[in-house]
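Here is the structure we will look at.
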Amino acid sequence: MSRAKVYLVGAGPGDPSLLTLRALELIARADCIVYDGLVAPEILRYARPDAELVSVRKRTGDSPVKQQDIHQILLDRISQGKMIVRLKGGDPGLFGRSAEEVALCIEQNVPFEIIPGITSALAAADYCGIFLTDRESSSQLMFVTGQKAAGKIDSRLDFANMAAFGGTIVFYMAMTRLDLITAEFIRNGKNPKTPVAVIQNASTPRQRLLLSNLKNVAGDCRREGIEAPAIVILGPTAHTDARRNWFMARPLFGKRIVITRDRKGNEDFAMGLLDQGAEAVVFDTIRIVDQTQDANVQPVLSNLSAFDWIFFTSANGVRHVFSALSQMGRDARALAGPKIACIGSESARCLSEYGIRADFVPTKFTGKAMVEELAKQESLAGKKIVLLRSGIALDDLPRALTQLGSVVTDCPVYTVQSLRNDPTDLLSKLSGNRIDWITFTSSSTVRSFFEQIPLDRVAASKVRIASIGPETTRQLKDLGVRVDLEAERHTIEGLVEALKGFTE
Ligand code: SAH
């Protein structure tokens, strides 16, 4: 018997952190993920690297995928015996044509599961501080699709009944027919002053909220350019205020921030920004390449206990060393004996994941501070010190140590290569002033970025430049770039904090 199984999974409304644990677990295991246009792209990063990802975006594009085509895609994967996650925006059971896909499974005798998701109506309301029910004014709730409001004859919406309904009415897919819908309500006796809230792109950094009433809402949306995907809330509960609208009050809400690290680093950075309401514009400028297998590195890693001190200067260094040790059939005990110093709380935290506490972390995360502070604590003269770090790191750290009489082994466990991107999209966003910040987290990201994006295009835009610390700032200034902000703490978290605290 085929081991094919179909999971109809709700992907939630947009904010990837609103995914359920069950959804996450299935996404991480699936052979194949067939996903809708409304599914947040960040969610797909949890898929297996070898999983097949099939987009069936119905909303946009020149050739929208038809339901029949989706069935064919599912049938093909079923016949291949795959574990299929059919990922749908919001909840699979609400306006998602899941019934037809379940019928297909039953017909094919393929087992299936349905995993609920947070529907966009609930997220839209909660992420604006709107409460869909209210003890005083609304004890009923109705979910309606605006699609069925077209044309009188095939209309299956009962406007007379809805106009008489005293509670809250939530419309999905109503934007193209908002004129017709609101007119029908008024024609059926609903008070034209009934409050209406429209929320576009709910729970994302592009969330927009419009508060109006039944009479004016269609015109207001046209004027403000509020479009699908949007939720329309109609009734006495359709109101909020600046204090209740917590999501849009976040310090970085709606800010578009370019991030320029390597792919993995950018993924983590993007999640941190999203958490603050900002939208990350990803431009990977570098690639991290392992060097632990090099002939001159292996003997050093095999004999780490011969040193007095091991220095890590980045989390990348820590990860590469431990993965190399593991490949050598060894573990954390290979580091037994020497003391361990980390520049930066990120490398120290990464080290602690392997069960090792750093003996020394300087208060300032630079090579110079590291040596000065450590030398105050103990004499480094004659000490054997190994630097497990990037092959392109500055030589100020080994130089300062050598001056103090230490015997330094500079051991490159990884290197950083410049990465080329298609700059078209970023350039058009820059010239349209649709970017608020460009962030840099190392000198190599600065160099690679400006090899690809001409400096005058950045200077001509209103964009601001943020740097993680003094070395990165120096590199920016050397290239003639104006730096608007330098983080006090030289970590990604410190950079996000600095962006949050920035005032004109
Ligand atoms: N199953 C989905 C609904 C699919 S129908 C769910 O449970 O949310 C598509 C409609 O959902 C859109 O036209 C829009 O009305 C609504 N929608 C989906 N995501 C949205 C979002 N992030 N913000 C506002 N509305 C959204």
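Every read-out reported here was derived from the displayed coordinates using simple, explicitly stated rules and does not represent laboratory data. Nothing here was measured: the structure is a model prediction, and the numbers come from that model. All Cβ positions, glycine included, derive from the backbone under ideal geometry; neighbour counts span all protein chains shown.
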Practice item. Could you tally the net charge around Arg489, taking each other residue with its Cβ under 10 Å from the Cβ of Arg489, Lys/Arg +1 and Asp/Glu -1? Key: -2
Exercise for review: Can you pull a Stokes-Einstein diffusion coefficient for segment 122-249 at 10 °C (1.306 mPa s), Rh from Kirkwood over Cα pairs, as a whole number of µm²/s?
Suggested key: 109
Practice item. Please turn the phi angles of segment 288-298 into ³J(HN,Hα) values with the Karplus equation 6.51 cos²θ - 1.76 cosθ + 1.60 (θ = phi - 60°), one per residue in order, whole Hz, x for glycine and proline. Key: 8, 10, 5, 10, 5, 8, 5, 4, 8, 8, 3
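Rounded if a/c is under 1.5, else prolate if a/b is larger than b/c, else oblate: which is segment 5-118, with a ≥ b ≥ c the root eigenvalues of its Cα gyration tensor? Could you put the intermediate results ahead of the total?
Values: a/c = 1.33, a/b = 1.17, b/c = 1.14.
Taking the square roots of the gyration eigenvalues as a ≥ b ≥ c, segment 5-118 is rounded.
Let's see if you can work this out: charge +1 on each Lys and Arg Cβ, -1 on each Asp and Glu Cβ, no other charges. What is the dipole magnitude of the chain about its Cα centre, in debye to the nearest 20? Mind showing how you got there, number by number?
Details: 62 positive and 58 negative charges, 134 e Å.
Dipole size: approximately 640 debye.
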Practice item. State the extension gain, in nm to one decimal, for the chain segment bounded by Phe131 and Val407, taking 0.36 nm per residue of separation less the distance between their alpha-carbons. Key: 92.8 nm
Practice item. Report the label-to-label distance for Asp484 and His239 in nanometres (one decimal), using points 7 Å from each Cα along the Cα→Cβ vector. Key: 3.7
Check your understanding: If R0 is 25 Å, what FRET efficiency do you get for Gln298 and Asp395 from their C-beta distance, rounded to 0.05?
Key -> 0.65
Review point. Where does the chain land at 222 nm, in deg cm²/dmol rounded to the nearest 500, when only DSSP H runs of n ≥ 4 count, each adding -39500 (n - 2.57), divided by all residues?
Key: -9500 deg cm²/dmol
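Report the relative contact order of segment 290-414, percent, no decimals, based on alpha-carbon pairs under 8 angstrom and at least 6 residues apart. Display every interim value, and only then the final one.
On the way: 221 pairs, mean separation 37.8, N = 125.
Reported as a whole number, the value is 30 percent.
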Revision key, fill the gap. Distance in nm between Asp275 and Lys477 label points, each 7 Å along Cα→Cβ, equals 3.1
Exercise for review: Identify all lysines with a Cα-Cα distance to Lys462 below 24 Å; exclude those on the same chain that are fewer than 8 residues away in sequence.
Suggested key: Lys255, Lys429, Lys477, Lys500
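Ranked highest first by the average count of other Cβ atoms within 10 Å around their residues, in what order do 139-147, 284-292 fall? Before the final figure, lay out the partial values.
Details: 139-147: 15.7, 284-292: 18.8.
Packing proxy ranking, top to bottom: 284-292, 139-147.
Mind checking the full-extension length gain between Ala336 and Lys148? Use 0.36 nm per residue of separation minus the Cα-Cα distance, one decimal, nm.
Here the segment from Ala336 to Lys148 would lengthen by 60.7 nm.
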Review point. When ranked by the protection proxy of mean other Cβ atoms within 10 Å per residue, highest first, what sequence do the peptides 78-88, 207-217 form?
Key: 78-88, 207-217
Check your understanding: So between Arg187 and Ala369, what do we pick up on full extension, going 0.36 nm a residue minus the alpha carbon distance?
Key -> 58.1 nm
Check your understanding: So what are the ³J(HN,Hα) numbers for segment 372-379, from phi and the Karplus equation (6.51, -1.76, 1.60; θ = phi - 60°), rounded to whole Hz, Gly and Pro as x?
Key -> 4, 5, 5, 5, 5, 7, 8, 6
Revision key, fill the gap. Ranking Ala125, Gly96, Asn191 by how far each Cα lies towards the positive end of the charge dipole of the chain (+1 on Lys and Arg Cβ, -1 on Asp and Glu Cβ), the top one is Asn191
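Just to be sure I follow: if Rg is taken over the C-alpha atoms of segment 284-416 and Rh is the Kirkwood radius over the same atoms, what is Rg/Rh? All intermediate terms of the calculation are to be shown ahead of the outcome.
Values: Rg = 13.7 Å, Rh = 14.7 Å.
Ratio of gyration radius to Kirkwood radius for segment 284-416: 0.93.
Using the Cα centre of segment 108-196 as the reference point, and only Cβ charges (+1 on K/R, -1 on D/E), how large is the resulting charge dipole? Debye, rounded to the nearest 20.
Using only the charged Cβ atoms, the result is roughly 320 debye.
Under 8 Å for C-alpha pairs, at least 6 residues apart: give me the relative contact order for segment 340-447, rounded to a whole percent.
Values: 107 pairs, mean separation 20.0, N = 108.
Worked out over segment 340-447, it gives 19 percent.
Send over the semi-axes of the chain's equivalent ellipsoid, whole angstrom and largest first, taken as the square roots of 5 times the C-alpha gyration tensor eigenvalues. Could the numbers behind the result be given before it?
On the way: eigenvalues 538, 161, 77 Å².
Ellipsoid semi-axes (Å, largest first): 52, 28, 20.
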Check your understanding: What is the set of long-range amide H partners of Ser138 at a cut-off below 5 Å, with H atoms built 1.01 Å from backbone N?
Key -> none
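Exposure proxy check: Trp437, Trp246 ranked by fewest other beta carbons within 10 Å? Working shown, then result.
Details: Trp437 22, Trp246 15.
Placing the least packed residue first, the sequence is Trp246, Trp437.
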Review point. With each pseudo-label sitting 7 Å past Cα toward Cβ, what's the Lys429-Phe253 distance in nm, one decimal?
Key: 2.1
Point to revise | Compactness of segment 355-394 - radius of gyration and Dmax, Cα, Å | key: 11.4, 29
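Counting residues in segment 356-504 as N, plug N into 2.2 N^0.38 Å and put the Cα Rg over that result.
Numbers: Rg = 18.2 Å, N = 149, 2.2 N^0.38 = 14.7 Å.
Computed over Cα atoms of segment 356-504, the ratio equals 1.24.
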Practice item. Evaluate the charge dipole of segment 327-385 about its Cα centre and quote only its size in Debye, nearest 20, assuming +1 on the Cβ of each Lys and Arg and -1 on the Cβ of each Asp and Glu. Key: 140
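Among Thr313, Thr491, rank each residue by its count of other Cβ atoms within 10 Å, from fewest to most, as a rough exposure measure. The partial results should precede the final answer.
Values: Thr313 23, Thr491 19.
Listed from fewest to most nearby Cβ atoms, that is Thr491, Thr313.
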Practice item. Rounded to the nearest Å, what's the spacing between the alpha carbon centres of segment 336-382 and segment 426-504? Just the number, please. Key: 28
Study note, to complete from the structure: Nearest-0.05 FRET efficiency for Glu100 and Leu141 at R0 = 22 Å, using Cβ-Cβ distance, is 0.30
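What number comes out for the charge environment of Asp436, summing +1 per Lys or Arg and -1 per Asp or Glu over other residues with Cβ under 10 Å away?
Numbers: positive: Lys255, Arg256, Arg434, Lys462, Arg464; negative: Glu279.
Neighbourhood net charge equals +4.
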